[in-house]
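The values are calculated or read from the model by the stated rules, or taken from the named source; none is laboratory data. Keep in mind it's a predicted model, so treat the numbers as computed, not measured. FYI the Cβ positions are ideal-geometry reconstructions off the backbone, even for glycines, and counts take in every protein chain you see.
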């Protein structure tokens, strides 16, 4: 990366973005630095915001498959939405979450090979890197849990390497698998990294206050492991635009209030538009 002035430099950010359905989380993700790889676990049709981004820019679409380093075809569709001037969004469709599809098996192999890091490095934007994203934690957890239950071991017991067995619950397995994916393998990647999630219906204690935080399985939520990993934590929400009746404003909350836990180490405005560039207005 060539030398640039510190005032023009934007460090890569790792962001956890939560919100209710239709709050604009995926649309906001399309504004992050390109190339953008979206690993989509949500249901069919949830790729709409990414396809809309391409339509609005006259993009060309090319479908491929994810192949491992040894040339093995995973069967996972990889859709490239390519523009002439604004980069590319790649959607990896891990959204057939039935255990028979082995999507979780292929996801873990793809994740560990890390071939995507070379593709995302040295991008031509102020952070010098593209973006790797997961959409969303809710359906990643279901995919991991069902795959483990139906393809690895039934609930109740699990054979260990020492020949003994132990009682376990399906959610224990999904917690371990998501911890490996989102925290261990991705927590330190040197590119922009975004995880989309929903907010929990239960409050947790954070600095002596009872606040809503991201919904995740087991200790990832109850012990605050997932929120603790991310320097940037935003809540996506929608408000009526009082200046334009009938129009909506899609915003990110970036600082905590009496209800929701949010945070920003880059000093993002609170609230700010759901746009990556808006995050840097106070930087």
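Taken across the stretch 259-282, residues that are farther than 28 Å from residue 188 by Cβ, without any contact (Cβ under 8 Å) to a residue 40 or more places away in the chain and surrounded by fewer than 16 Cβ atoms within 10 Å (Cβ to Cβ) do not occur at all. Scanning the stretch 43-55 turns up no residue that is modelled with pLDDT of 95 or more, over 26 Å from residue 248 (Cα atoms) and buried (at least 17 other Cβ atoms within 10 Å of the Cβ).
Residues that are surrounded by fewer than 17 Cβ atoms within 10 Å (Cβ to Cβ): find the strands (runs of 3 or more DSSP E) completely inside the stretch 187-253 holding 1 or more of those.
Because the criterion is at least 1 residues that are surrounded by fewer than 17 Cβ atoms within 10 Å (Cβ to Cβ), the strands (runs of 3 or more DSSP E) in the stretch 187-253 that meet it are 199-206, 209-214, 232-240, 248-253.
Reported count of residues in the stretch 56-67, each being within 13 Å of residue 87 (Cβ to Cβ) and crowded, with 17+ Cβ neighbours inside 10 Å, is 1. The set of residues in the stretch 77-95 being touching a strand residue (DSSP E or B) at 6+ places or on another chain (Cβ under 9 Å) and either in contact (Cβ under 8 Å) with a residue 40 or more places away in the chain or under 19 Å from residue 137 (Cβ atoms) (or both) consists of 87, 88, 89, 90, 91, 92, 93, 94, 95. The one condition from (1) assigned to a loop (DSSP other than H, G, I, E, B); (2) surrounded by fewer than 19 Cβ atoms within 10 Å (Cβ to Cβ) that residue 10 does not meet is (2).
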